[in-house]
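Step one of this worksheet: look at the structure below.
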Amino acid sequence: MFQLDSFAQTMGALFTGTSQVLLAFGVVLSLLQCFFGYKLVKIWAAVTGFLVGWFIVFLVAFHFLENPGIAALIGVVGGVLLAMAAFFLYRMGIFVFCFFQGASLCLGLIPDWPGVVVGIIVGLAVAILAMKFMREVMIVSSALSGGFNAANGLLTLFSVTAGWPLWVLGILLTAAGIFVQWTTTGDRKDGTSL
């Protein structure tokens, strides 16, 4: 006979294990961002372009079709097209990427609507600055977002409550990320070391 309590416990354990794996994967991606963000900027821009394109096209398609499966497939097409545009139209990709980098950092540190408003303002400021000072802004912003996201993920993995440990670890990772990126990248005319 099927036991609901046993099923619920099994599913709870599965989701707990899965969330830990996804969190660890997120920490690895955040560390890559922190230490190699500038070198990986075209890849990050393409990934951001895909996610933004998929989300927007999915919402529009779902509004008209009311079928989530078909809307998701159409969203993939929109995501691929925007990813290709972000990869090949480099500056547009950098603008979108830097906007979401600045906005997501604020959303993670400031709760609710104030975080959204400050996130939009900071995201726009970072994106506009990146158009003028690409290497410098990309190094600092990728180290900052990657460092604090990695710190938050690591502390969560080890069940350490956020607070001052988040700030200390985030600042240390950010400083190390800026140092590594600054010393391992050169300033090329096209703004990338790829």
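One table, with the values for the structure above:
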item: Relative contact order (%) - criterion: Cα under 8 Å, at least six apart; region: the chain; result: 26
item: Exposure ranking of F99, F133, F148 by accessible area [1.4 Å probe, largest first]; result: F133, F99, F148
item: Semi-axis lengths, Å, the chain, gyration tensor of Cα atoms, sqrt of 5 times eigenvalues; result: 31, 25, 16
item: Accessible surface of M92 - all protein chains present, 1.4 Å probe, nearest 10 Å²; result: 80
item: Hydrodynamic radius by Kirkwood, which averages 1/r over all alpha carbon pairs of the stretch 29-96, in angstrom; result: 12.3
item: Extreme residue, positive dipole direction of the chain, given options W167, Q181, G123 (C-beta unit charges); result: Q181
item: Among G147, G115, G170, residue whose mean-square fluctuation peaks in a GNM of the chain (springs only between Cα atoms under 10 Å); result: G115
item: About the Cα centre, charge dipole magnitude for the chain (Lys/Arg +1, Asp/Glu -1 at Cβ), debye; result: 640
item: F133-V28 FRET efficiency (beta carbon distance; Förster radius 35 Å; 0.05 resolution); result: 0.80
item: Average accessible area per residue (Å²) across the chain - probe 1.4 Å, nucleic acids and ligands excluded; result: 60
item: With every protein chain in place, the chain: carbon and sulfur % of accessible area (1.4 Å); result: 78
item: Rounded to whole Å, sorted largest first: equivalent-ellipsoid semi-axes of the stretch 97-194, Cα gyration tensor; result: 25, 19, 8
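The values are calculated or read from the model by the stated rules, or taken from the named source; none is laboratory data. Quantities reported herein were computed from a predicted structural model and do not represent experimental measurements. Every residue, glycine as well, gets a Cβ built from its backbone with ideal geometry; the counts of neighbours run over all protein chains shown. Accessible surface areas use protein heavy atoms only, side chains included; no ligands, DNA or RNA. Shrake-Rupley method; radii C 1.70, N 1.55, O 1.52, S 1.80 Å.
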